[in-house]
Structure formats: structure tokens, C-alpha cells
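J.: Structure in C-alpha cells, see below.
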Amino acid sequence: QVQLVESGGGWVQPGGSLRLSCEASGITLDAYAIGWFRQVPGKEREGVSCISSGNGGIYYADSVKGRFTISKDIAKNAVYLQMNNLKPDDTAIYYCAEDVNYHCTAYDMKTGLNFGSWGQGTQVTVSS
């Protein structure tokens, strides 16, 4: 079974940094795209970032461009989200998810469609 486990969340002050990890089993990240999403209770889920398989493209939401960087380590079967200059609006539960497609698309990130497996999430809190 596909399993995705997020870690690395926590509390930071505005302007701080966190690195989230998504460790995968049951899939190999050289064959699947992995996306990061976040959600606040009562609000719409937001697609944050996605990294395609192979040398495919990378997606970032406008709200995080220039601050977040997604990467992967095939040997560790893990995807990372480096989050810098964090803002209070970044506070959310962050989830990673496996895309049945090889490539990230804005459509998939906006809708969450084509993501077949999801992790349980890790809490990120940015406050003073």
C-alpha cells in the first residue's frame, strides 16, 4: 500500500524557516509526482507546491513563490518543502500527496484531483 508520512512541522516566529519532509513507501519518486497542500479549518484547501517525476516541472502557488522550495531525494524516497520567511498566513496543516500523473499541473493543484494517496499531515504554526 502507498504510504506518505509528513514530518518537520512545528511553531516558528514570522520570518522563520521550517523544512517539511514527505517520506514515501509503496511508490518510487522517480515515477510519480508529489504535491504539497495545506488547509486551515473552515477554509479551502490550497495546493502549495508540486514536483514532477524525472526532469518534469515544478509548481508553486503564487502565495509561496520566492519563499518555498520543493526538492526530492530519490535514494531516500522523500520529498522536501523548504519554507523560508514564513508568515502567519502560512499556518495550516500541510499534507503531501501522490499524483497518478507524472507531471504537476496547475489544474491538479487547484482541485486536488488525480492525487490518489495522502499523508496524515503535519501542523505548521507561524505566530509571535
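J.: GluC sites (Glu not before Pro), restricted to region 2-75: which are DSSP loop and have at most 16 other Cβ atoms within 10 Å?
T.: Numbers: sites: 6, 23, 44, 46; in loops: 44.
Qualifying residues, ordered by number: 44.
J.: Taking DSSP loops as anything outside H, G, I, E and B, show the longest stretch in the chain free of trypsin sites (Lys or Arg not before Pro) there with at most 12 other beta carbons within 10 Å.
T.: Values: sites that count: 43, 65, 76.
By the stated rule (loop sites, at most 12 other Cβ atoms within 10 Å), 77-128.
J.: In addition: With each pseudo-label sitting 7 Å past Cα toward Cβ, what's the residue 128-residue 77 distance in nm, one decimal?
T.: In this crude spin-label approximation the distance works out to 4.5 nm.
J.: Over region 6-121, how many pairs of lysines fall under 21 Å by alpha carbon, counting only those 8 or more apart in sequence or from different chains?
T.: Numbers: 43/65; 43/87; 43/110; 65/87; 65/110.
Value for region 6-121: 5.
Rule-based calculations on the coordinates, nothing more; no lab input. Just so we're clear, the structure is a prediction, and the values are computed from it rather than from any experiment. Don't worry about glycine lacking a Cβ; one is built from the backbone with ideal geometry, like all the others, and counts go over all protein chains shown.
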